[in-house]
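Heads up, the thing below is written out as structure tokens.
The values are calculated or read from the model by the stated rules, or taken from the named source; none is laboratory data. Predicted model only: the values in this text are computed from it and were never measured. Every residue, glycine among them, receives a Cβ derived from its backbone with ideal geometry; neighbour counts consider all protein chains shown.
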Amino acid sequence: MAPDSPIGLFIKGRRLKPFFYAATIATPLLSHIIILAIDYQWKEVLYVAAMFWGLAYTCIQITALPYILLNARQETHSEAISMSFLSFSVTICLVGVANFLLNQLNPEFFTEKRVLQIVASLSMLGVFFVTRIRRPEQVSARIPLQAVLQGYDWGLIFRALIPTVIIAVGAGFTIPVINLFFLNVHGLPSKLFSLVGAFTFFLVAGVMIFMPCIRRRFGYQIAITLLQSAAVLALLILATTEYYRDWNFAVYIAIVAFAIRQPLMNAAGPMTSELTMYYVGRRNQEIMSAMNASVWPGSWFVSMKAFGWLRQRNFQYASIFLITVVLYTVGVRWKAEMAVGVSLRGSVSRNSVFAIRKGNSLTKCEQRIANSPRKPYPS
């Protein structure tokens, strides 16, 4: 969390478009340097280039969400955030398919190195699309660094961050090793699992398209809580297939459960990000975005260390995955409470004026929410 949090403080009150230029120029160039450093075994160059690559990528990873919330119309926030998430999922799918097709076409020419160089070169087109953003940029109010402690709602920020940490730690016990689970438990070869993974990526993209409509019609409780709860149930079914691994149909149940879990859990990502940003309010969105970006790699590092320790002590994959189920359940429940708070804030803000006009009194809770400096958002 340490490297990203200062960036979140730094971008507050500044134009974000220059960070897009930095990311779209530096990331492809550093990618080429990393590829060459690996090819020629320049270890020192590789370490330095990888460090700066992470910094360059952070420039787009942290700033994209605050930029959308500041500059897109409020009624289009869900669609804009979903499209931002969708672009990454679709790109991963397209690169994977292109790599497979090019390798089949001419495996001697289209090596992994050459395909990576082609992808890195094509990513330079991002500079052109940044230049196409011509709408005058809205900038958030700046908070001086000397007023950091008083200028942000730190209690609110950490309350919003805790469920993300819980879910990220749980995911770290499962996602990086799910291919090993299918290989070691069900004997599914890596190539076949890659096809299953590619199929689930398309499912994620397909479901993600409809998430704004689901959120707008049914609210966050359905768009996040219900879908992710179903994903947790699917993960539970997936994990327990190890107990009857010798049955012929166990692997098929595991594949179906995995194909259900992936889109339901991941497609809710844009809505959980939107919910978190609404929950903390506009004053805290930049630092919240930075902390969210740093939580996932840090949590996965801790989870993978713990996973290795548990496997050394002969814990089954199912037992470790059940830890994820418990953590997911706690995290999803916490997010549900956040959704209630955001929805209540919006409904009180809409209804308090009418209650006052009719001479009705508000409860103390409603008065606190109605008088909150954070702008109400849709439920």
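Yes/no per residue for (1) in contact (Cβ under 8 Å) with a residue 60 or more places away in the chain; (2) of a type outside the set (Ser, Thr, Tyr); (3) touching a Lys or Arg at 6+ places or on another chain (Cβ under 7 Å); (4) closer than 30 Å to residue 217 by Cα:
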| site | (1), (2), (3), (4) |
| --- | --- |
| 43 | no, yes, no, no |
| 53 | no, yes, no, no |
| 58 | yes, no, no, no |
| 66 | yes, yes, no, yes |
| 102 | no, yes, no, no |
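Would you pick out the residues in the range 177-191 that are in a helix (DSSP H, G or I) and at pLDDT 85 or above?
Just the residues of the range 177-191 that are in a helix (DSSP H, G or I), to begin with: 177-186, 190-191.
Those that are in a helix (DSSP H, G or I) and at pLDDT 85 or above: 177, 178, 179, 180, 181, 182, 183, 184, 185, 186.
Only one of (1) over 30 Å from residue 13 (Cβ atoms); (2) at pLDDT below 95 is not met by residue 236, so which one is it?
(2)
Based on what the data block shows, is residue 161 crowded, with 17+ Cβ neighbours inside 10 Å and either outside any loop (DSSP other than H, G, I, E, B) or not assigned by TED's automatic domain parsing to the domain that holds residue 264 (or both)?
Here the answer is yes, as residue 161 does meet what is asked.
Among the residues of the range 69-78, what is the count of those that are surrounded by fewer than 20 Cβ atoms within 10 Å (Cβ to Cβ) and in contact with a helix residue (DSSP H, G or I) (Cβ under 7 Å, 6 or more places away or on another chain)? Full working, then the answer.
Of the range 69-78, the ones surrounded by fewer than 20 Cβ atoms within 10 Å (Cβ to Cβ) are 70-76.
When the remaining residues are screened for being in contact with a helix residue (DSSP H, G or I) (Cβ under 7 Å, 6 or more places away or on another chain), the result is 72.
Here the count works out to 1.
Scan 41, 61, 74 and give me the residue that is among the polar types (S, T, N, Q) and on the phi > 0 side of the Ramachandran plot.
Details: 61 fails: on the phi > 0 side of the Ramachandran plot; 74 fails: on the phi > 0 side of the Ramachandran plot.
Unique residue meeting the criteria: 41.
Would you confirm, using the coordinates I've provided, whether residue 85 is within 30 Å of residue 263 (Cα to Cα) and surrounded by 15 or more Cβ atoms within 10 Å (Cβ to Cβ)?
Answer is yes for this residue.
The rows are residues; the columns are (1) among the aliphatic types (A, V, I, L, M); (2) crowded, with 16+ Cβ neighbours inside 10 Å; (3) under 20 Å from the mean Cα position of the chain (by Cα).
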{"residue": "8", "(1), (2), (3)": "no, yes, yes"}
{"residue": "19", "(1), (2), (3)": "no, yes, yes"}
{"residue": "27", "(1), (2), (3)": "no, yes, yes"}
{"residue": "31", "(1), (2), (3)": "no, yes, no"}
{"residue": "35", "(1), (2), (3)": "yes, yes, no"}
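Taking the condition touching a residue at least 24 places away in the same chain (Cβ under 8 Å) and within 30 Å of residue 251 (Cα to Cα), does residue 165 pass? Show your work before the answer.
Details: touching a residue at least 24 places away in the same chain (Cβ under 8 Å): yes; within 30 Å of residue 251 (Cα to Cα): no.
No, not satisfied.
What pairs come up if the first residue lies in the range 106-123 and is at positive phi and not assigned by TED's automatic domain parsing to the domain that holds residue 29, the second is loosely packed, with under 15 Cβ neighbours inside 10 Å and hydroxyl-bearing (Ser, Thr, Tyr), and their beta carbons are under 9 Å apart, counting only those six or more places apart or on different chains?
Correct list of pairs: empty, since none qualify.
Have a look at 156, 161, 149, 145 and point out the one that is aliphatic (A, V, I, L, M) and more than 28 Å from residue 335 (Cβ to Cβ). Working first, answer last.
Numbers: 156 fails: more than 28 Å from residue 335 (Cβ to Cβ); 161 fails: more than 28 Å from residue 335 (Cβ to Cβ); 149 fails: more than 28 Å from residue 335 (Cβ to Cβ).
Going through 156, 161, 149, 145 in turn, just one is aliphatic (A, V, I, L, M) and more than 28 Å from residue 335 (Cβ to Cβ): 145.
For the range 115-156, what are the residues that are assigned to a helix (DSSP H, G or I), modelled with pLDDT under 90 and either in contact with a Cys (Cβ under 6 Å, 6 or more places away or on another chain) or not hydrophobic (A, V, I, L, M, F, W, C) (or both)?
146, 150, 151
Where residues in the range 215-224 are surrounded by fewer than 22 Cβ atoms within 10 Å (Cβ to Cβ) and in contact (Cβ under 8 Å) with a residue 12 or more places away in the chain, which of them is nearest to residue 171 (Cα to Cα)?
Quick first cut of the range 215-224, residues surrounded by fewer than 22 Cβ atoms within 10 Å (Cβ to Cβ) only: 216-219, 221-222.
Cutting the leftovers down to in contact (Cβ under 8 Å) with a residue 12 or more places away in the chain gives us 216, 219, 221.
Working: 216: 27, 219: 25, 221: 21 Å.
Applying the filter and picking the extreme gives 221.
Just to be sure before I move on: is residue 178 crowded, with 18+ Cβ neighbours inside 10 Å and not basic (Lys, Arg) in the structure I sent? Before the answer, list the steps.
Details: crowded, with 18+ Cβ neighbours inside 10 Å: yes; not basic (Lys, Arg): yes.
Yes.
Residue by residue, here is whether (1) buried (at least 20 other Cβ atoms within 10 Å of the Cβ); (2) closer than 27 Å to residue 223 by Cβ; (3) of a type in the set (Gly, Ala, Ser) holds:
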{"site": "244", "(1), (2), (3)": "no, no, no"}
{"site": "250", "(1), (2), (3)": "no, no, yes"}
{"site": "258", "(1), (2), (3)": "yes, yes, no"}
{"site": "265", "(1), (2), (3)": "yes, yes, no"}
{"site": "268", "(1), (2), (3)": "yes, yes, yes"}
{"site": "278", "(1), (2), (3)": "yes, yes, no"}
{"site": "315", "(1), (2), (3)": "no, no, no"}
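Could you tell me how many of the residues in the range 1-38 are at pLDDT below 90 and either assigned to a helix (DSSP H, G or I) or among the polar types (S, T, N, Q) (or both)?
Of all residues in the range 1-38, those at pLDDT below 90 come to 1-14.
Subset that is either assigned to a helix (DSSP H, G or I) or among the polar types (S, T, N, Q) (or both): 4-11.
Result for the range 1-38: 8.
So, residue 49, is that one over 26 Å from residue 288 (Cβ atoms), buried (at least 20 other Cβ atoms within 10 Å of the Cβ), of a type in the set (A, V, I, L, M) and assigned by TED's automatic domain parsing to the domain that holds residue 120 or not?
On the way: over 26 Å from residue 288 (Cβ atoms): yes; buried (at least 20 other Cβ atoms within 10 Å of the Cβ): yes; of a type in the set (A, V, I, L, M): yes; assigned by TED's automatic domain parsing to the domain that holds residue 120: yes.
The answer is yes for residue 49.
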